[in-house]
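Engineer: Shown below is the structure under consideration.
The values are calculated or read from the model by the stated rules, or taken from the named source; none is laboratory data. Bear in mind that the values here come from a model prediction, so they are computed numbers and not experimental data. Cβ placement follows ideal geometry from the backbone for every residue including glycine, while neighbour counts extend to all protein chains displayed.
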Amino acid sequence: MSKHIEKLKKQLVEIAEVVNSFKSEAVQVRVVDRLLDAMIEMEKAENESVEVFNKRNYKQRGFEEGSYSPTRGPKKPGATKILNQLLSTDFFNTPHSILSIANYCKENFDSDFKTSELSGILLKLANENKLRRERSNENNRFEYVRV
C-alpha cells in the first residue's frame, strides 16, 4: 500500500507545476480529478487488460447519442423534449405558471428542472405560436396556455 502512496506522491509532484498554472481552483481540482481517474484506469488496464479511459465523463463509442451509457444508465429526456411532449397532451389547455410546469415535470417525469431552464424554451414556444404567454392577474407572473 505504501508503495502506491509513494508512487502517487511522486506523480503529484511532477504535475504540480502544470496544475498550479491554472488560476481557478475549480479548474485545478477538475484537472487533478481527471488525471487521477486516468491513472486509476491505466492501473486497471495493466492489471486486467481493460480499456483505458472507460470512466465517467469519457464518451463511449458504439452507443447512440443520448440513449444509454453503461456507466450512468438511461439518459433522462431534456426540458425541450418534455415540454414538446406536454404540448401533445391536454396539459396546456389550462394556464400554468413556470413553477407549476417545473413541479409537474418533477412529479411526472422525474426531471428536476429549474424555472430558468424552462423559461427560455417556453418563450420560444410562445414565439412559434404554439403557446400563448399571458400575465396572471393574481401574481403578475406569466402563465402559458395552448394557442
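Engineer: Could you give every pair whose Cβ atoms fall below 7 Å, whose first residue belongs to the stretch 1-25 and is aliphatic (A, V, I, L, M), and whose second residue is surrounded by 11 or more Cβ atoms within 10 Å (Cβ to Cβ), counting only separations of at least 6 or pairs across chains?
Structural biologist: Close Cβ pairs satisfying both conditions: Ile15/Leu35; Val19/Gln28; Val19/Val31; Val19/Val32.
Engineer: Return the residues of the stretch 85-98 that are part of a helix (DSSP H, G or I) and touching a residue at least 40 places away in the same chain (Cβ under 8 Å); say none if nothing qualifies.
Structural biologist: Narrowing the stretch 85-98 to residues part of a helix (DSSP H, G or I): 85-87, 91-93, 98.
Selection gives Leu87, Phe92, Asn93, Ile98.
Engineer: Now for a different question. Out of the residues in the stretch 101-147 meeting the condition of being of a type in the set (Ser, Thr, Tyr) and under 26 Å from Pro74 (Cα atoms), tell me which one is surrounded by the fewest Cβ atoms within 10 Å (Cβ to Cβ).
Structural biologist: My answer is Ser116.
Engineer: For the stretch 128-147, name all the residues that are closer than 16 Å to Thr80 by Cα and either of a type in the set (Gly, Ala, Ser) or out of contact with any strand residue (DSSP E or B) (no Cβ under 9 Å at 6 or more places or on another chain) (or both).
Structural biologist: Passing the criteria: Glu128, Asn129.
Engineer: Got at least one residue in the stretch 21-29 being under 28 Å from the mean Cα position of the chain (by Cα), among the small types (Gly, Ala, Ser) and in a helix (DSSP H, G or I)?
Structural biologist: Scanning the stretch 21-29 turns up at least one residue that is under 28 Å from the mean Cα position of the chain (by Cα), among the small types (Gly, Ala, Ser) and in a helix (DSSP H, G or I).
Engineer: Now for a separate question. Any idea how many residues of the stretch 108-145 are outside any loop (DSSP other than H, G, I, E, B), free of Cβ contacts under 8 Å to residues at least 24 places away in the same chain and within 14 Å of His96 (Cβ to Cβ)?
Structural biologist: Adding up the residues that qualify gives 7.
Engineer: Next question. Quick check on the stretch 54-70. Is at least one of its residues in a loop (DSSP other than H, G, I, E, B), modelled with pLDDT of 90 or more, surrounded by 14 or more Cβ atoms within 10 Å (Cβ to Cβ) and of a type outside the set (Lys, Arg)?
Structural biologist: no
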